[in-house]
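Engineer: Could you have a look at this structure, given as structure tokens, before my questions?
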Amino acid sequence: MMDIDFNEYKLRCELRGHDDDVRGICVCTDEHIATSSRDRTIRVWSLGSDDKRKYSASKILLGHTSFVGPLASIPPSEEYPEGRLVSGSMDTSVLVWNLVNGEVVQSLKGHKMQVTGVTLDDEDIVSSSVDQTLRRWRNGQLVESWEAHQSPVQAVLKLPSGELISGSSDTTLKLWKGKTSLRTFTGHADTVRGLAVMPDLGFLSASHDGSIRLWALSGEVLLEMVGHTSIVYSVDAHASGLIVSGSEDRHAKIWKDGVCVQSLEHPGCVWDAKFLESGDIVTACSDGVARVWTVRDGMIADQMEIDAFDSLISQYKLSRKKVGGMKLDELPGIDALTLPGTSDGQTKVVREGDNGVAYAWNMSEQRWDKIGEVVDGPDGVGDRPILDGAQYDFVFDVDIGDGEPIRKLPYNRSENPYDAADKWLLKENLPVAYRQQIVDFILQNSGQKDFTFNPSFRDPFTGANAYVPEQASHIAATPAKPLYKHIPKRGVLVFDVAQYEGILKKMTEFNNTLRSDPVNTDKSMTESEVARVGAIVKILKDTSHYHATNFTDMDIALLLNVIQAWPAAMMFPATDLVRMLVLHPHGASLLFKHVENNNDLLLDVIKKVTEDSALPANLLTTVRVLVNLFKNPSFHHWLQRHHSQILDAFSNCYSSPNKNLQLAYSTLLLNYAVLLIEKKDEEGQAQVLSAALQIAEEEAADVDSKFRSLVAIGSLMLEGLVKKIAIDFEVESIAKSAKASKEAKIIEIGTDIDLLIRQP
């Protein structure tokens with residue numbers, strides 16, 4: 001084995017050709033590398049004959065119908081002299097390729113959801129999937145399948161000792177001998193995403209919790225490597241002892257003896273990283289490029305290529321930098337200050353170097369006065385388009401025709417569209433005759449209706465009224481992208497109305513019943529505890545002073561004890577109080593501490609209310625608690641981590657005859673859609689999508705419940721990662737059905753989804 005003294009890795013070459021994210025890497029030999037991509041293709045790269053530093057694409061493998069992920073190499077044989085390649089895809093299939101001609105020799109179908117891992121076990125292929133199973137294939141046929149975890153299986157690996165190891169979204173790893181689980185490894189706090197063999201020591205795992213762990217087969221954690229600031233997708237090891245990991249944080253990190261010795265920055269997420277036998281590293285990036293890195297002096301790229309890559313990193317970072325919520329690279333330069341302002345105090349933000357600087361127009365002095373450097377603002381502000389240093393709700397592209405350039409039309413919903421049209425026409429020096437058509441265009445593309453014509457316009461130069469033509473002129477305007485009425489959903493929904501008097505009355509009634517019952521009297525509240533519940537309600541009712549009121553830790557413990565100790569039929573009033581407590585900032589923070597100290601606390605409550613003969617009142621109040629948890633970011637990690645258990649526990653609510661429960665459940669799905677889109681949690685999105693589709697297809701579903709489920713579906717398709725899954729699940733027929741509804745908002749969201757399906 002080659003021993004590598006650590007030296008700094010530098011760029012060797014770039015493998016360009018994919019049209020989308022490079023998702024997976026397979027090192028067939030040091031001379032041949034395969035890469036998979038979101039563009040549905042696999043490319044095989046071969047070492048150049050002239051320049052030994054570089055690889056060129058020798059084959060493009062076409063056959064998958066959705067993005068391709070895991071890859072594995074089968075060594076050459078007499079029948080296949082260049083070997084074979086195994087690939088797994090979002091399309092649920094496993095394909096085996098002949099590398100001589102690039103043709104599919106086996107198509108292995110059986111998984112119900114995305115294939116996440118493939119590994120070789122002697123002559124067999126073993127695959128893992130989001131459908132929670134491992135499947136063994138032999139000679140093109142399925143020979144066995146078993147449910148390996150209670151959550152999606154994210155990776156599978158054959159160990160040199162002969163066993164299989166699997167990693168799952170349930171945060172565990174399992175060691176398998178055949179279909180028999182020999183050991184479960186616990187320790188990660190989130191999804192286990194990647195696996196690799198660590199020669200002579202054990203195996204490595206990469207996790208969404210940001211860590212990499214080295215395990216012995218006994219279950220002992222030999223090393224934990226922490227340094228990434230986001231999800232770690234992949235890990236690999238070299239015979240020298242070096243480890244490489246790839247992460248959402250845009251870095252491939254190199255580790256030696258548990259210490260990060262180098263970080264290779266990329267212009268996007270690093271989906272995969274693999275060692276060549278030589279010790280060089282291959283990385284797969286979301287910018288569609290695979291890169292090879294080396295420590296060998298004679299193999300480093302030319303300085304011009306290194307400078308180009310450094311420039312790409314700088315440009316990427318600049319494009320991501322925000323000042324005051326605005327993207328720095330979208331700000332105008334300082335020359336924008338040569339144009340006078342239109343009103344005293346008007347502000348403009350311009351780019352000066354790597355900073356955004358704000359200026360205010362001084363009308364009396366006719367100059368721009370510098371205010372100061374702008375710092376980053378709250379999340380979400382930067383989503384609004386920018387024109388000339390100002391943010392707007394919309395910036396439309398308008399084509400005047402006759403060879404004229406495309407013009408930018410800015411508009412805020414708070415503006416009178418006639419005023420916006422008037423200002424724009426004057427600025428662009430266009431005929432006033434276009435006014436009504438511009439107004440109609442603004443109203444149509446900003447989703448506003450029933451706006452009454454305003455005849456009060458006076459031309460500032462002539463004083464004349466505007467002429468509104470009856471016939472359309474040749475002006476044509478096309479928005480930069482489709483505008484949807486109801487998607488994507490921004491922010492979460494909550495249930496913030498409570499009948500406090502009824503809650504108190506019911507809790508007092510139940511407490512009296514317990515007190516008079518010899519068996520349960522020890523579970524009843526004391527008089528002082530009853531009084532304390534009244535004090536809790538008083539604080540919750542006074543919403544105008546939420547910023548200044550506090551609870552005690554004993555208040556939270558009291559309510560939780562009632563929920564846990566009281567019989568199931570009596571717990572719902574206390575659960576309803578917790579629902580409202582979550583919306584109080586201090587109450588939520590105290591509850592979060594209890595959940596942190598006992599991670600199973602809320603899961604135990606969920607189990608209690610969803611057991612056999614579950615009561616609708618318990619289901620309703622508990623689902624509403626979960627819905628309101630989304631309001632507080634402290635709970636987001638917990639909600640994401642346990643999404644599968646939560647959604648499975650309440651999965652039957654979609655068909656409940658109780659409309660309030662239906663609505664609560666659909667709201668839970670909608671909030672989960674918003675959160676999991678933000679977290680880029682593809683597996684979670686797929687589960688939410690599947691649950692929302694059930695409601696959308698349910699003929700008896702309440703209108704509001706159906707609407708919220710459709711908004712969840714549309715948002716997941718538009719901004720999530722599951723559009724293809726939705727289309728595979730025949731969402732088009734759901735959209736068609738919605739468009740035929742008698743309810744206006746169902747028609748509108750159905751139209752949104754239908755339009756989205758037709759977008760490339």
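The values are calculated or read from the model by the stated rules, or taken from the named source; none is laboratory data. Because the structure is a prediction, the values reported are computed rather than measured. As a convention, Cβ positions derive from the backbone with ideal geometry for all residues, glycine included, and neighbour counts pool all protein chains shown. Note: accessible area is taken over every heavy atom of the protein model, side chains too, but ligands, DNA and RNA are not part of it. Shrake-Rupley method; radii C 1.70, N 1.55, O 1.52, S 1.80 Å.
Engineer: Sequence neighbours fewer than 8 away in the same chain don't count; with that in mind, list the aspartates and glutamates whose C-alpha is under 20 Å from Lys256.
Structural biologist: Straight-distance partners of Lys256: Asp3, Asp5, Glu8, Asp200, Glu220, Glu224, Asp236, Glu265, Asp272, Glu277, Asp280.
Engineer: Mind checking the alpha-carbon convex hull of region 218-305 and giving the volume per residue in Å³?
Structural biologist: Residue-normalised Cα hull volume stands at 110 Å³.
Engineer: Further question on the same structure: Treating each Cα of region 671-746 as an identical point scatterer and ignoring solvent, apply the Debye formula and state log10 I(q)/I(0) at q = 0.12, 0.14 Å⁻¹.
Structural biologist: One equal scatterer on each Cα of region 671-746 leads to -0.29, -0.39.
Engineer: Based on the alpha carbons, how large is the Rg to Rh ratio for the chain when Rh follows Kirkwood?
Structural biologist: 1.01
Engineer: Additional query: Please report the net charge: other residues with Cβ closer than 12 Å to the Cβ of Asn512, K and R +1, D and E -1.
Structural biologist: 0
Engineer: So what is the diffusion coefficient of region 1-67 in µm² per second by Stokes-Einstein at 25 °C and 0.890 mPa s, using a Kirkwood Rh over Cα pairs?
Structural biologist: Result for D is 184 µm²/s.
Engineer: Distances longer than 12 Å among the Cα atoms of region 244-290: what percent of all pairs is that?
Structural biologist: Looking at region 244-290, the distances longer than 12 Å represent 57 percent of pairs.
Engineer: Over the Cα atoms of region 533-658, what is the Rg over Rh ratio if Rh follows Kirkwood?
Structural biologist: Result: Rg/Rh = 0.95.
Engineer: HN-Hα J couplings of region 232-242 from phi, Karplus 6.51/-1.76/1.60, θ = phi - 60°, integer Hz, Gly and Pro as x?
Structural biologist: Using θ = phi - 60°, the values come out as 9, 8, 8, 8, 8, 10, 10, 4, 6, x, 6 Hz.
Engineer: Write down the radius of gyration of region 84-210 and its Dmax, each obtained from C-alpha positions, in Å.
Structural biologist: 14.1, 45
Engineer: Contour minus end-to-end for Thr229 and Leu483, with contour as 0.36 nm per residue of separation and end-to-end as the Cα-Cα distance?
Structural biologist: Here the segment from Thr229 to Leu483 would lengthen by 88.0 nm.
Engineer: What whole number of Å gives the distance from the Cα centroid of region 152-209 to the Cα centroid of region 219-241?
Structural biologist: Computed from Cα coordinates, the inter-centre distance equals 13 Å.
Engineer: Rank by packing, highest mean first: peptides 552-560, 615-623, with packing defined as the count of other Cβ atoms within 10 Å averaged across residues.
Structural biologist: 615-623, 552-560
Engineer: Once amide H atoms are placed 1.01 Å from N in the peptide plane, what residues at a sequence separation of 5 or more from Ala148, or on another chain, have their amide H within under 5 Å of its amide H?
Structural biologist: Those qualifying (amide H under 5 Å, at least 5 residues apart or on another chain) are Thr133, Leu134.
Engineer: For the pairs Lys317/Lys680; Lys54/Lys317; Lys10/Lys52; Lys505/Lys607; Lys659/Lys745; Lys109/Lys179, flag any whose C-alpha to C-alpha distance is greater than 22 Å.
Structural biologist: Going by Cα-Cα distance, Lys54/Lys317; Lys505/Lys607 fall outside the 22 Å limit.
Engineer: OK, next. Out of region 1-71, which trypsin sites (Lys or Arg not before Pro) are coil in DSSP terms and have no more than 15 other C-beta atoms within 10 Å?
Structural biologist: Lys52
Engineer: Averaging the inverse of every distinct alpha carbon separation and then flipping it gives the Kirkwood radius. What is it for region 156-280, in angstrom units?
Structural biologist: In region 156-280 this quantity evaluates to 14.3 Å.
Engineer: What are the ³J(HN,Hα) values, in whole Hz, obtained from phi via the Karplus relation 6.51 cos²θ - 1.76 cosθ + 1.60 with θ = phi - 60°, for each residue of region 167-174 in sequence order, with x given for Gly and Pro?
Structural biologist: Whole-Hz 3J(HN,Hα) from phi for region 167-174: x, 9, 5, 7, 6, 9, 10, 10.
Engineer: Between region 268-300 and region 556-612, what's the alpha-carbon centroid distance in Å?
Structural biologist: So the two Cα centres are separated by 49 Å.
Engineer: Another question, if that's okay. Residues with amide H under 5 Å of Arg193's amide H, sequence separation 5 or more or different chain, H placed in the peptide plane at 1.01 Å from N; which?
Structural biologist: Ala206, Ser207, His208
Engineer: A further question on this structure: I need the phi-derived Karplus couplings for region 646-652: 6.51 cos²θ - 1.76 cosθ + 1.60, θ = phi - 60°, integer Hz, Gly and Pro marked x.
Structural biologist: Values, residue by residue: 5, 5, 5, 4, 10, 4, 7 Hz.
Engineer: With a 1.4 Å probe and all protein chains left in place, how much of the accessible area of region 175-261 comes from carbon and sulfur atoms, in whole percent?
Structural biologist: 47
Engineer: List the residues whose amide H sits under 5 Å from the amide H of Gln106, counting only those 5 or more places along or on another chain, with H placed 1.01 Å from N in the peptide plane.
Structural biologist: Answer set, sorted by chain and number: Val96.
Engineer: With Cβ to Cβ distances under 9 Å as the rule, what net charge do the other residues near Ser205 carry (K, R +1; D, E -1)?
Structural biologist: +2
Engineer: Oh, and also: Please check the chain for the longest run free of GluC sites (Glu not before Pro) that are loop-located per DSSP (anything but H, G, I, E, B) and have at most 14 other Cβ atoms within 10 Å.
Structural biologist: Result, exposed sites excluded: 471-610.
Engineer: Rounded to the nearest 10 Å², what accessible area does Ile371 show when all protein chains are kept and the probe is 1.4 Å?
Structural biologist: About 110 Å², rounded to the nearest 10.
Engineer: Taking the full set of protein chains and a 1.4 angstrom probe, give the accessible area of Leu483 in square angstrom, rounded to the nearest 10.
Structural biologist: Accessible area, nearest 10 Å²: 70 Å².
Engineer: For region 79-128, which trypsin sites (Lys or Arg not before Pro) are both in a DSSP coil and crowded by at most 13 other Cβ atoms within 10 Å?
Structural biologist: Filter output for region 79-128: Lys112.
Engineer: Would you mind computing the Rg to Rh ratio of region 22-169 from its alpha-carbon coordinates, Kirkwood style for Rh?
Structural biologist: Answer for region 22-169: 0.97.
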